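Presented below is the structure to which this report refers.
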Amino acid sequence: MLDIAAKEPGRTRQIKAICRMCHGGCGTVVTVENGVVAKVVGDPDNPINRGKLCAKAGRASIEQLYHPGRIDRPLMRVGEKGGGQWRPVGWDEAVAFVADKMLAIKDRFGAEAVAFARGVSINNNQIITRLANAFGTPNIASINYYCYGPRVAACSATSSGRHSGRLWDTVAIADFYSAPNCIVEWGSQKRISNDHGLIGHIPMTDALRRGPVSIVVDPRKPAAAGPGDLWLPLRPGTDAAMALAWINVIIEEELYDRGFVRDWCHGFEALKERAGSYSPEHVADITWCDAAAIRAAARAYARTKPATIAWGTGVDHIGLNAVQSNRAIHLLMGLTGNLDAPGGNCFWPAPLLADTERWDLLPPEQAAKRLGAERFKALTARPTVYAHPPSVFRAILTEQPYPVKAMIVIGNNPAVCYPKTASVVAALKKLELLVVSEIFMTPTASLADLVLPAAANLERDDPRLYMHIKGPGGTFMDTSTRSAVTVGERRSDWDFVVRLGQALGYREHFPSVEGFVAEALEPMGIGWDALKQRDYVVEPMRYWKYREDGFGTPTGKFELWSTTFEAWGYDPLPAHVEPAESPLRTPALFAQFPLILNTGVRSPFYWNSNGHPLPTLRRLQPAPLLEIHPDTAAEYGLTDKRDAWVETRSGRLRLRVRVNPMTHPKIVSIPHGWWQPDARAPEHGIFEVCSNVLTDDDPDQCDVILGSSPLKALLCRVYPAGPRDGDTEGRNA
Ligand code: SF4
């Protein structure tokens, strides 16, 4: 039953709201009739989307707002975990319950026994971190470790460093607004998705319409890419080798920016020597690409000015060598003079916000207990200070190196989004306390002791403190959606965290939501009310910032040779490292699993594990698809639009086949984030459709610097699926 609190009989009003059905950034105009949101259309005045919206906004956003499956009040578990029996409780009782349990666990096991988990930031980073720091736990499990974090770690070590979040944004982002004449799509699907504040579907489409030189480095070619594109369908996990081959050509043929190298680079001679062993001919063997095509791509990228690289999760997900592979790509941006240059890859300026995370509250002896950080050193350095999620779930199960007894999950769906589904589910079930703030009863929420009703798009309006929008002319600082209506007892993450902070006894750090906002915005010289009156505030673009600010690295230079990685005991230069499973590293396994699996194919309809309950989106994409080259499908007896099994050494899934001639014949691709809201609780079909059934949580296979998990470059086999055999056939052992 809907409980619409903001009834305004007989009144129609229109408001502008920044869409938050994904990371956000597109402008919308929302019509509210009699207190009910009736229509959401694109805002033609917004310079980012100019009136256009993707499928996740519009009708789907209204469905999300009023869906009968939304959680509308706090629900306390009664009976067995995962049994689906709940008792509605008030917010005061719910928050007091969480605080009491957290303090009791802290007394028995230490603050580190309480972990937080958060997903792709829906603007709750800073406030969750402040609460964790005040409480004394170093364990925030963040999806960042395999999504964007590897690019953050690469850029932070190489260039942005101490400027991150203060003067500059951390990562060098494609500047589609300044007419790049060469666009490289490297492991990125930004034509249909977006990330880190860069809306892909409008600015990139516009930039591509100008007809730039187009290079695609990806085993799948985007459907919209044209025949004129130069396509390098590389073997997954060989990105560093590919980038080093480009560097080899660029240095050998003296195509690099001599002035930038002379004045701003640290370690050029060492890089030259390293790249010398990566000739295109040698790298052709590693990457399964053509040497002449590698050479042509390197020349085109270096000679065409300006040139930009759209990079994405494709490289973040390769496991062992993810950070260094991203670093090799980042080095290309600097060497060719495309760094922080119009139409190249730029650090958008950071809005002048207060540092609200309060790291000073976390005692050093507690920080030293961060799970996984002893091994993965980038987890000790801002801006990637998180626990290693697979190590957190392992600690829950094994109580090693110490017990973890509670998890407070805010805007995250670990049962779907973290590797090795069966282990994550077992860990969630074992917790003494699982609290989940969510909008739908997800597979994670279904296992909780307490579920809290979260406000989402069009129900909240916090100032955006993170993942600011990279717009034309500067960084857009806005409020994250608008509080257009109030439904049920849903509350924003900020409201929950402030209440919990107060109940735990930290009122001085959590005086109120308004107090937190005022503190955050104070350096900008604008209040919350004033910000809400504006669509956004623009922090103007500055190009070539390093000429004034220097680079944020220890040497103040663009570090081809990373002194940070050297100090941590890692290779200071990028190199090719075979994926943990590969034809070369594990030939015996390859004999059994002769194809390479990439999970994480992006969809224009779903944002990670969001959107699956919404009818409009389910009509557009009812099920996850297994993409495979038609010749490979024929070789293994698979038929388009029929079911097939895809199996790794971790598990198997039964999925519908989609043949795609624009994919490398040795590669199988599947999407991530799938669950089935209508399937039986608590699992909601994850063992039938979730890609992480096929992945592993082994720290030995994770990136050596940040710990990101291998979600791509896995070995697999495929075979036809017979007729369905009851409801257990697709289930994994
Ligand atoms: S791309 Fe994201 S912000 Fe833009 S309309 Fe789609 S869901 Fe909304």
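The values are calculated or read from the model by the stated rules, or taken from the named source; none is laboratory data. As the structure is a computational prediction, the values presented were derived from the model and not from experiment. FYI the Cβ positions are ideal-geometry reconstructions off the backbone, even for glycines, and counts take in every protein chain you see.
In the condition set (1) surrounded by fewer than 23 Cβ atoms within 10 Å (Cβ to Cβ); (2) closer than 30 Å to TYR386 by Cβ; (3) away from the ligand (no atom under 16 Å from the Cβ); (4) not acidic (Asp, Glu), VAL114 is compliant with all but (1). Can you confirm whether segment 563-579 contains a residue that is at pLDDT 95 or above, among the aliphatic types (A, V, I, L, M) and surrounded by fewer than 17 Cβ atoms within 10 Å (Cβ to Cβ)? Yes. The single condition from (1) surrounded by fewer than 23 Cβ atoms within 10 Å (Cβ to Cβ); (2) closer than 20 Å to VAL538 by Cβ; (3) within 13 Å of the ligand (Cβ to nearest atom) that ARG191 fails is (2).
Looking at ARG166, ARG162, ARG151, ARG118, just one residue is basic (Lys, Arg), under 21 Å from ASN345 (Cα atoms) and within 16 Å of the chain's Cα centre (by Cα), and that residue is ARG151. Selection of segment 143-160 for residues being β-branched (Val, Ile, Thr) and out of contact with any His (no Cβ under 9 Å at 6 or more places or on another chain) yields only ILE143. Considering every residue within segment 69-91, establish whether at least one is touching a residue at least 12 places away in the same chain (Cβ under 8 Å) and closer than 22 Å to ARG619 by Cβ. Scanning segment 69-91, I find at least one residue that is touching a residue at least 12 places away in the same chain (Cβ under 8 Å) and closer than 22 Å to ARG619 by Cβ, so the answer is yes.
Among the residues in segment 455-469, are any surrounded by fewer than 20 Cβ atoms within 10 Å (Cβ to Cβ) and at pLDDT below 95?
Within segment 455-469, the first condition is being surrounded by fewer than 20 Cβ atoms within 10 Å (Cβ to Cβ), and the residues that meet it are 466.
Now drop any that are not at pLDDT below 95, which leaves 466.
Yes - at least one qualifying residue is present in segment 455-469.
For ALA245, state whether it is assigned to a helix (DSSP H, G or I), under 21 Å from the mean Cα position of the chain (by Cα) and among the small types (Gly, Ala, Ser). In short, no.
Check whether at least one residue in segment 529-549 is among the basic types (Lys, Arg), farther than 28 Å from MET477 by Cβ, surrounded by 16 or more Cβ atoms within 10 Å (Cβ to Cβ) and out of contact with any Ser or Thr (no Cβ under 6 Å at 6 or more places or on another chain), and report yes or no.
no
Here the condition is being away from the ligand (no atom under 16 Å from the Cβ) and touching a Pro at 6+ places or on another chain (Cβ under 7 Å); of CYS265, CYS182, it holds for CYS182 alone. Please go through segment 356-367 and give me each residue that is more than 15 Å from TYR506 (Cβ to Cβ) and either surrounded by 20 or more Cβ atoms within 10 Å (Cβ to Cβ) or without any contact (Cβ under 8 Å) to a residue 12 or more places away in the chain (or both), ordered by number. Correct list: PRO364, GLU365.
Quickly run through segment 620-634 and pick out the residues that are over 15 Å from TRP645 (Cα atoms) and more than 25 Å from the chain's Cα centre (by Cα).
Of the residues in segment 620-634, the ones over 15 Å from TRP645 (Cα atoms) are 620-622, 629-631.
Answer for segment 620-634, where residues must be over 15 Å from TRP645 (Cα atoms) and more than 25 Å from the chain's Cα centre (by Cα): HIS629, PRO630, ASP631.
Considering only residues that are on the phi > 0 side of the Ramachandran plot and either among the basic types (Lys, Arg) or not in a helix (DSSP H, G or I) (or both), which ones fall in segment 136-161?
Across segment 136-161, the qualifying residues are GLY136, TYR148.
Give the residues of segment 420-432 that are in contact with a strand residue (DSSP E or B) (Cβ under 8 Å, 6 or more places away or on another chain) and crowded, with 23+ Cβ neighbours inside 10 Å, sorted by residue number.
Start the filter on segment 420-432 by keeping residues that are in contact with a strand residue (DSSP E or B) (Cβ under 8 Å, 6 or more places away or on another chain), which leaves 428, 431-432.
The one that is in contact with a strand residue (DSSP E or B) (Cβ under 8 Å, 6 or more places away or on another chain) and crowded, with 23+ Cβ neighbours inside 10 Å: LEU428.
Annotation for segment 40-53: no member residue is more than 32 Å from the chain's Cα centre (by Cα), more than 28 Å from ASN608 (Cα to Cα) and not assigned by TED's automatic domain parsing to the domain that holds ILE199.
Checked against the criterion of being free of Cβ contacts under 8 Å to residues at least 40 places away in the same chain and buried (at least 24 other Cβ atoms within 10 Å of the Cβ), the candidates ASN326, ASN338, ASN345 yield just one match: ASN338.
Say whether the condition of being at pLDDT below 95, among the hydroxyl-bearing types (Ser, Thr, Tyr) and buried (at least 23 other Cβ atoms within 10 Å of the Cβ) is met by at least one residue in segment 123-140. No, there is no match, as no residue in segment 123-140 is at pLDDT below 95, among the hydroxyl-bearing types (Ser, Thr, Tyr) and buried (at least 23 other Cβ atoms within 10 Å of the Cβ).
Among the candidates ILE215, ILE140, which residue alone is β-branched (Val, Ile, Thr) and either farther than 26 Å from PRO699 by Cβ or without any contact (Cβ under 8 Å) to a residue 24 or more places away in the chain (or both)? Selected residue: ILE215, the only one of ILE215, ILE140 that is β-branched (Val, Ile, Thr) and either farther than 26 Å from PRO699 by Cβ or without any contact (Cβ under 8 Å) to a residue 24 or more places away in the chain (or both).
For segment 55-96, a residue qualifies if it is buried (at least 20 other Cβ atoms within 10 Å of the Cβ) and more than 16 Å from the ligand (Cβ to nearest atom), and the qualifying residues are ARG70, ILE71, PRO74, LEU75, ALA94, VAL95. Within segment 21-54, track down each residue that is more than 12 Å from the ligand (Cβ to nearest atom) and among the small types (Gly, Ala, Ser). Residues satisfying the conditions are GLY35, ALA38. Screening segment 602-687 for strands (runs of 3 or more DSSP E) wholly inside it with 3 or more residues that are away from the ligand (no atom under 16 Å from the Cβ) and surrounded by fewer than 17 Cβ atoms within 10 Å (Cβ to Cβ) returns no ranges.
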